[in-house]
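Worksheet: the structure to be examined is printed underneath.
The values are calculated or read from the model by the stated rules, or taken from the named source; none is laboratory data. Predicted model only: the values in this text are computed from it and were never measured. In this analysis, Cβ positions are derived from the backbone assuming ideal geometry, glycine residues included, and neighbour counts consider all displayed protein chains.
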Amino acid sequence: MDVSELPEHATLSNYEALAEDFVNAYNANDPEALRRIALHYALDRLPTVGQLRMNVADRLRRLGKVSSIGSPNEELSLSDARALVADSYGFENWRALSEFLDAIHTDSPISRFETAVDAVVAGDTATLERLLHAHPELIRARSAREHGATLLHYVAANGVEDFRQKTPNNAVEIARILLDAGAEVDADLAYGLSPSLRARYPGRVGSTTLGLTATSIHPVHAGVQIALMETLLDAGAALDGLQDGWGFVNGCLANGRPEAAHFLAERGARLDLESAAGLGRLDLVQGFLNNDGGFKATATRAQMESGFMWACEYGHNPVIEFLLDKRLEVSAQVAGMTGLHWALVGGRLETIKLLVERKASLEARNSYGGTALGCATWAVRNSDPAYRWPDSDTDWVTIVQTLIDAGARVNEFDVDFPTGNEAVDELLLRHGMKPSTQ
């Protein structure tokens, strides 16, 4: 369950009722409680009780609230359900949610901050400037939600509550207003400030606005990502992020933002073996390895394996061939996917052909259960053009045909079929695939 928007006149009793619905759905298989949960969180489809139990158990384990929930005889307590509800809205605990609900209906620092955030994500410059003039302390204030975002963080449309992850067309103007008012350009989200959050999410430490913008899809879709990054760098943002924080270039590659990764590299960001491979920098990749194939002091096998996956996703065949010649396993998996899976996500026909020639497994399953052909049907429908930059005009028919010609098994049903691409769907129909609704 993602963070949802708090209804305008919600009271704590509304969330108490939601917590009780979790208890009743989890413990008693109550279908009406399950329906209300799905409605409240605007889920695309009604989950089964089994799916709800699994998701609840996983989230509570991550929160460290319980140790054995999910076992056959374990029941969900109201206290743990409250913790689940509070977390789904971005609050550390039930008390924090309660205090927030009390504050947003008064003229309080929290309500003023929330109004300013709404102005940021809506691109409402007049309201934002009025609030900053009347309450200059807002520029250094932080959200009452657990992530502790500043107003500037919201410009990135990333790492904050889901319903506020959107980018207005004038996001660059909004960023400049905030920076001119004194926003701290390299402020970290609370993952770098809170010991409990650092322990739970060590990989999120160092989440500055630049890094969040570089890895966010929303500024890409709004056509302002690069301009926003330039604005932040001109204001003094650290190109390589915070000390001991995550690497921005690697983060871009792992999140399907190749244009942002290249932009940062061109501006002089540090590159390791992983990022060099993901950017197609064969000269640098070779420099991280000894003549015997061993790693130099700053390189690791994990970096090489991740770099291989990103080289596959972004179509850097010379790097792929070089690493395979260093006896890297062609069907190894990183982040639950083989290199062939990643090449399909990126729609890289020549890379797919290369990997097939190098005997990549067509039937190896990724962490979602998809074979190469299953991943292809997913990608036809879901692969964002941002993943395929700079050439998003992908020949999906030839890609699917290439897999079939190589011997990929065509299942009778696939959850992502039909794909919505008429030519691909016609091809798969001819080979015996049927719509999953049948």
Scanning the stretch 119-128 for residues that are assigned to a helix (DSSP H, G or I) and either touching a Leu at 6+ places or on another chain (Cβ under 6 Å) or touching a residue at least 12 places away in the same chain (Cβ under 8 Å) (or both) gives A119, V120, V121, A122, T125, T127, L128
Review point. Quick one: is A254 under 29 Å from E184 (Cβ atoms), touching a residue at least 24 places away in the same chain (Cβ under 8 Å) and touching a Leu at 6+ places or on another chain (Cβ under 6 Å)?
Key: no
V319 vs (1) in contact with a Ser or Thr (Cβ under 7 Å, 6 or more places away or on another chain); (2) touching a residue at least 40 places away in the same chain (Cβ under 8 Å); (3) closer than 30 Å to I399 by Cβ: all pass except (1)
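Let's see how each residue does on (1) part of a helix (DSSP H, G or I); (2) over 24 Å from H218 (Cβ atoms); (3) β-branched (V, I, T):
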site: D240; (1), (2), (3): no, no, no
site: V249; (1), (2), (3): yes, no, yes
site: A261; (1), (2), (3): yes, no, no
site: L271; (1), (2), (3): no, yes, no
site: A297; (1), (2), (3): no, yes, no
site: A302; (1), (2), (3): yes, yes, no
site: C312; (1), (2), (3): yes, yes, no
site: A343; (1), (2), (3): yes, yes, no
site: K353; (1), (2), (3): yes, yes, no
Counted residues in the stretch 332-363 being surrounded by fewer than 17 Cβ atoms within 10 Å (Cβ to Cβ), more than 24 Å from the chain's Cα centre (by Cα) and small (G, A, S) come to 1
query = Looking at this structure, is V410 over 14 Å from G346 (Cα atoms), more than 26 Å from the chain's Cα centre (by Cα) and not in a helix (DSSP H, G or I)?
reply = yes
Practice prompt. Could you tell me whether any residue of the stretch 140-155 is under 29 Å from Y41 (Cβ atoms) and of a type in the set (D, E)?
Written response: yes
Answer yes or no: is there a residue in the stretch 126-140 that is surrounded by fewer than 21 Cβ atoms within 10 Å (Cβ to Cβ) and either at pLDDT below 95 or at positive phi (or both).
no
Taking first residues from the stretch 393-412 that are assigned by TED's automatic domain parsing to the domain that holds G347 and of a type in the set (D, E) and second residues anywhere that are surrounded by fewer than 15 Cβ atoms within 10 Å (Cβ to Cβ) and in a loop (DSSP other than H, G, I, E, B), the pairs with Cβ under 8 Å that are 6 or more apart or on different chains are E412/G432
Notebook entry, point to check: Any residue in the stretch 147-162 that is surrounded by fewer than 22 Cβ atoms within 10 Å (Cβ to Cβ) and touching a Pro at 6+ places or on another chain (Cβ under 6 Å)?
Noted result: no
Counting only residues in the stretch 365-405 that are buried (at least 17 other Cβ atoms within 10 Å of the Cβ) and small (G, A, S), the one farthest from L428 (Cα to Cα) is identified as A386
Counting only helices (runs of 4 or more DSSP H) entirely within the stretch 147-215, those with at least 1 residues that are among the small types (G, A, S) and free of Cβ contacts under 8 Å to residues at least 24 places away in the same chain are 195-200
Test: residue in the stretch 87-100 that is modelled with pLDDT under 95 and more than 30 Å from N29 (Cα to Cα):
yes
Residue set L264, L279; condition under 18 Å from R348 (Cα atoms) and surrounded by 20 or more Cβ atoms within 10 Å (Cβ to Cβ); output residue L279
